[in-house]
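Reading through the structure tokens given below for one structure.
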2 protein chains.
Amino acid sequence: MRLYTLASAPNAIRVLMLLREKPLDIEIVELDAEAREQKTPEFLAINPLGQVPALQLDDGICIAESLPISRYLDSISEGPSLFGATPESRAVIEMWERRAELGLFIPAVEYGHHTQPMMAEYFTQYVDWGNSLVGTVQTCLTLLDERLAETGWLGGTDFSIADITAYAGYRVAAFWSMPLQSEPNLSVWLHRMSERACASVVPL
Amino acid sequence: MRLYTLASAPNAIRVLMLLREKPLDIEIVELDAEAREQKTPEFLAINPLGQVPALQLDDGICIAESLPISRYLDSISEGPSLFGATPESRAVIEMWERRAELGLFIPAVEYGHHTQPMMAEYFTQYVDWGNSLVGTVQTCLTLLDERLAETGWLGGTDFSIADITAYAGYRVAAFWSMPLQSEPNLSVWLHRMSERACASVVPL
């Protein structure tokens, strides 16, 4: 089983975070971003979108997109699932994962793509729209803070994939210096997250 | 168990489509959009984001976000799962669901929000960015067309949640008259989709 990654790709980092929490014997193939290895015919046969992460199973099946890869790796690894143990807990965890993804992780990534001069060569930038994402992310941080006033982790009493997505998103936002207000419960959670093994693989 | 919906909300329509394929005895509560019932204190206690769909379980647990609601309803209903039967098929179906969601469904919804004069009172519109989503959606349609050249349904040999998301997204794009090119395999699939029970609940 091979996992293709790029050191700077936030979606690949999420999967590497999961593998720190639920170790598996997997070959990690680090592509060369400068050589545009993610756009070679060999890699496009694995993921036609030319994006990482991508997981190639031993029988040749290729899985792209960080969330299905994470769910698959979680399901074949030992220990409590990071996606929940019952239909109800799975639904609640996925709800918070989605909120963190759509309100924090994806907007933080898009903010960088659309507002940062260093990204102009890769993307047609819509700067005003990009800057509007600061408000989107702040709204999500407030929601997460309210959630954390009631629970230890975003998905409930246990650490879950929702925490991984939110932490990765927060680190991306911090990397791009998004002008965000701090939230008290979120700050406590960020400190607890920073002490986990998974946080150490985030290079941003 | 109560499912809160709004007749015109694309995300609620996706869940109603699933319920046509996997019927369950659920109370459907149609909120009044003109009365802004989704923003009342009573509904905000169910979903603080003031959005539908939202599912209230009999024990009081509330689940928002269309995908976890769909996965939950699928898991408690009879018949083959629309999310896959094995870890591998679940991953492949979720990969195609994500591609359809991030490349077609969400961009089609955002296109309407950002480019249509009738939506100007609800959203700060970034028209240039909104128009750029035509290219995003066309790229996704081409990808889905290539997939459908090899498989009967987007997730593989069986109809799945990936087809529901893609069909709902396509109908939203058509509703907003996005200027898209037709794709041959996708056209065949659209015809087959239009004959299914789930297609009949799409009002767009």
Query raised in the report: Out of all the residues in segment A:164-172, is one or more in a loop (DSSP other than H, G, I, E, B) and not charged (D, E, K, R)?
Result: no
Query raised in the report: Consider B:Ala35 against the criteria (1) without any contact (Cβ under 8 Å) to a residue 12 or more places away in the chain; (2) small (Gly, Ala, Ser); (3) touching a Pro at 6+ places or on another chain (Cβ under 8 Å); (4) away from chain A (no Cβ under 14 Å): it satisfies all of them except one. Which criterion is unmet?
Result: (3)
**Report entry** Filter result for the condition that a residue is touching a residue at least 40 places away in the same chain (Cβ under 8 Å) and either more than 29 Å from A:Glu27 (Cβ to Cβ) or not aliphatic (A, V, I, L, M) (or both), over A:Glu97, A:Glu121
**Finding:** A:Glu97
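For (1) modelled with pLDDT of 95 or more; (2) among the hydroxyl-bearing types (Ser, Thr, Tyr), each residue gets a yes or a no:
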{"residue": "B:Ala7", "(1), (2)": "no, no"}
{"residue": "B:Asn11", "(1), (2)": "yes, no"}
{"residue": "B:Met17", "(1), (2)": "yes, no"}
{"residue": "B:Glu34", "(1), (2)": "no, no"}
{"residue": "B:Ala45", "(1), (2)": "no, no"}
{"residue": "B:Pro53", "(1), (2)": "yes, no"}
{"residue": "B:Ala64", "(1), (2)": "yes, no"}
{"residue": "B:Tyr72", "(1), (2)": "yes, yes"}
{"residue": "B:Ser77", "(1), (2)": "yes, yes"}
Query raised in the report: Within the set of pairs 6 or more residues apart or between chains, which connect a residue that is away from chain A (no Cβ under 13 Å) inside segment B:139-153 to a residue that is surrounded by 15 or more Cβ atoms within 10 Å (Cβ to Cβ) and outside any helix (DSSP H, G or I) with Cβ atoms less than 6 Å apart?
Result: B:Leu141/B:Glu183; B:Trp153/B:Phe159
Report summary line: Residue hits (segment A:40-60; surrounded by 14 or more Cβ atoms within 10 Å (Cβ to Cβ) and either in contact (Cβ under 8 Å) with a residue 60 or more places away in the chain or aliphatic (A, V, I, L, M) (or both)) are A:Ile46, A:Leu49, A:Val52, A:Ala54, A:Leu55, A:Leu57
Query raised in the report: Being more than 21 Å from B:Arg71 (Cβ to Cβ) and free of Cβ contacts under 8 Å to residues at least 12 places away in the same chain, is that true of even one residue in segment B:169-186?
Result: yes
Query raised in the report: Among A:Ala85, A:Ala162, which is buried (at least 20 other Cβ atoms within 10 Å of the Cβ) and not charged (D, E, K, R)?
Result: A:Ala162
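Name the single residue that is nearest to B:Gly156 (Cα to Cα) among those in segment A:60-80 being over 17 Å from the mean Cα position of the chain (by Cα) and more than 8 Å from chain B (Cβ to nearest Cβ).
Among those that are over 17 Å from the mean Cα position of the chain (by Cα) and more than 8 Å from chain B (Cβ to nearest Cβ), it is A:Cys62.
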Query raised in the report: Which one is farthest from the other protein chains (Cβ to nearest Cβ), of the residues in segment B:85-112 that are of a type outside the set (Lys, Arg) and under 15 Å from B:Ser70 (Cα atoms)?
Result: B:Glu101
Query raised in the report: Just wondering, is there one or more residues in segment B:130-138 that are over 18 Å from the mean Cα position of the chain (by Cα), within 8 Å of chain A (Cβ to nearest Cβ) and either within 25 Å of A:Gly155 (Cβ to Cβ) or hydrophobic (A, V, I, L, M, F, W, C) (or both)?
Result: no
Query raised in the report: Restricting the search to segment A:181-199, which residues are crowded, with 18+ Cβ neighbours inside 10 Å and not in a helix (DSSP H, G or I)?
Result: A:Glu183
Query - Given (1) more than 13 Å from chain A (Cβ to nearest Cβ); (2) surrounded by fewer than 21 Cβ atoms within 10 Å (Cβ to Cβ); (3) without any contact (Cβ under 8 Å) to a residue 40 or more places away in the chain, number of the condition B:Pro203 does not satisfy - result: (3)
**Report entry** Residue pairs meeting the criteria (Cβ under 6 Å; at least 6 apart or on separate chains; first over 11 Å from A:Glu21 (Cβ atoms), in segment A:70-85; second assigned to a loop (DSSP other than H, G, I, E, B))
**Finding:** A:Arg71/A:Phe83
Requested in this report: State whether one or more residues within segment B:101-117 are closer than 25 Å to B:Gln181 by Cα, in contact (Cβ under 8 Å) with a residue 12 or more places away in the chain, hydroxyl-bearing (Ser, Thr, Tyr) and part of a helix (DSSP H, G or I).
Outcome: yes
Query - Criterion: in the same structural domain as A:Thr136 (by TED's automatic domain parsing) and either within 20 Å of B:Leu102 (Cβ to Cβ) or crowded, with 17+ Cβ neighbours inside 10 Å (or both) - qualifying residue of A:Glu65, A:Glu21, A:Glu37, A:Glu94 - result: A:Glu94
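The values are calculated or read from the model by the stated rules, or taken from the named source; none is laboratory data. Everything numeric here is computed off the predicted structure, so don't read it as measured data. Note that we place each Cβ from the backbone using ideal geometry, even for glycine, and neighbour counts take in every protein chain shown.
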